[in-house]
Amino acid sequence: MKRLFTLAITIAVSCAAQAQEQKEYPKPEAMRPGMSEYWTPQPKVITPGDIKTDTAPSDAVVLFDGKDLSAWMNPNGEKAEWTVKNGVMTVDKSKGDIVTRQKFGSFQLHLEWCVPTGITGESQARGNSGVFLQDMYEVQILDCFNNETYVNGMTGSIYKQTPPLANAMRKPGEWNVYDIIYTAPVFKEDGTYLYRPFVTVIQNGIVLQNHTEIQGTTEYIGFPRTVKHGEGPIRLQSHGDPSQPISFRNIWIRPL
Ligand code: MG
């Protein structure tokens, strides 16, 4: 009798285990770009004061002084082929992104950029570029002068992560100034963050990011990822939108 009872228990337990194995749970919904974009609240619009053009400080690494692209290459290591004319470099969308030859950890970066007059397009398809810190984390560049988009994709956003605190855009044809102070992340041996990267972004003298913690890599679709890395280059984006290309001048960096 006792043996029969033990057998019944064993069968019941094994049936329950089988039922558990066969249970199916819903799979996560496939990510689409719009699932990580949000539009409100829109940051307030501020008119920047006048700032005269900076020249590089004595200890800075000059990345572009108006003469040539010798500090830059395409990501495959070949010559950078954006257009240089009249002290200004302009994105050549047929040539793709460019990266600095030198790699950096933490730094202070200064760069000036200009959206051409008569720019067309809307939302993300108007003067889109970007500066990637250590080739991983994008601070957005976009014509946000009278052009709304999802706020975590605006000029001065940590793209798809943190909106800027204000909209400090100058109008097309005028130069915008970015000063970016970046603290590189520290990783554990297992590849996760011990300390995430932090960034402060100032546009035309107005703080857009105030020591903002960067969550992880910039992803167009999906959420930031943790990817262990060391020093990395500065990358300037050649975005695929059909609007007229933007220009850069006076780029320098101070490793910290
Ligand atoms: Mg961009």
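What are the ³J(HN,Hα) values, in whole Hz, obtained from phi via the Karplus relation 6.51 cos²θ - 1.76 cosθ + 1.60 with θ = phi - 60°, for each residue of the stretch 219-224 in sequence order, with x given for Gly and Pro?
Once rounded to whole Hz, the list reads 10, 6, 10, x, 9, x.
Out of Q237, N167, Q134, whose Cα points farthest toward the positive end of the dipole of the chain (charges: +1 Lys, Arg; -1 Asp, Glu; placed on Cβ)?
Q134
For helix 2-22, what angle does its Cα long axis make with the longest principal axis of the chain, in degrees from 0 to 90 and rounded to 10?
20
In a Debye calculation with equal point scatterers on the alpha-carbon sites of the chain and no solvent, what is log10 I(q)/I(0) at q = 0.10, 0.11, 0.15, 0.18 Å⁻¹?
Scattering profile of the chain, log10 relative to I(0): -0.52, -0.60, -1.08, -1.54.
Select from G232, G105, G191 the residue whose mean-square fluctuation is largest in a Gaussian network model of the chain (Cα-Cα springs shorter than 10 Å).
Highest fluctuation among the options: G191.
For the chain, with a Gaussian network of springs between Cα atoms less than 10 Å apart, report the residue from Q134, Q161, Q22 with the top mean-square fluctuation.
Residue with maximal mean-square fluctuation among Q134, Q161, Q22: Q22.
For the ranges 65-72, 236-243, 40-47, what's the packing order if you count other beta-carbon atoms within 10 Å of each residue, average per peptide, and put the highest first?
Descending mean neighbour count gives 236-243, 65-72, 40-47.
Filter the cross-link list K79/K103; K79/K171; K93/K160; K52/K103; K188/K228 down to pairs whose alpha-carbon distance in this structure exceeds 20 Å.
From K79/K103; K79/K171; K93/K160; K52/K103; K188/K228, over 20 Å: K79/K171; K93/K160; K52/K103.
Which value, in Å² and to the nearest 10, is the accessible area of F198 when all protein chains are kept and the probe is 1.4 Å?
50
Using a probe radius of 1.4 Å on heavy atoms only, what accessible surface per residue do you get for the chain? Whole Å² is fine.
54
Can you give the relative contact order of the chain as a percent, counting alpha carbon pairs under 8 Å and 6+ residues apart?
For the chain, the relative contact order is 29 percent.
Keeping all protein chains in the complex and leaving out DNA, RNA and ligands, what accessible area do you get for Y38 with a 1.4 Å probe, in Å² to the nearest 10?
100
Taking 0.36 nm per residue of separation and subtracting the Cα-Cα distance, what length does fully extending V62 through V207 add?
Numbers: separation 145, 0.36 × 145 = 52.20 nm, distance 2.36 nm.
Value of the extension gain: 49.8 nm.
Hey, what's the Kirkwood Rh for the stretch 176-256 if you take every pair of different alpha carbons, in angstrom?
Kirkwood hydrodynamic radius for the stretch 176-256: 15.0 Å.
Gaussian network model of the chain, Cα springs within a sub-10 Å range: biggest mean-square fluctuation belongs to which of R101, R225, R170?
Among R101, R225, R170, the largest mean-square fluctuation in the Gaussian network model of the chain belongs to R225.
If you count the DSSP beta bridges with both ends in the chain, what percent of them are antiparallel, to the nearest 5?
100
I'd like the carbon and sulfur percentage of the solvent accessible area for the chain, probe radius 1.4 Å, heavy atoms only, ligands and nucleic acids excluded.
Roughly 54 percent, rounded to a whole number.
In debye, nearest 20: dipole of the chain around its Cα centre with unit charges on the Cβ of K, R (+) and D, E (-)?
It works out to roughly 620 debye.
Give me the distance in nm between label points sitting 7 Å out from Cα along the Cα-to-Cβ direction at K93 and T40, one decimal.
3.2
The values are calculated or read from the model by the stated rules, or taken from the named source; none is laboratory data. Quick caveat: nothing in here was measured; it's all calculated off a predicted structure. Note that we place each Cβ from the backbone using ideal geometry, even for glycine, and neighbour counts take in every protein chain shown. To get the accessible areas, we keep the full protein, side chains included, count just its heavy atoms, and leave off ligands, DNA and RNA. Shrake-Rupley method; radii C 1.70, N 1.55, O 1.52, S 1.80 Å.
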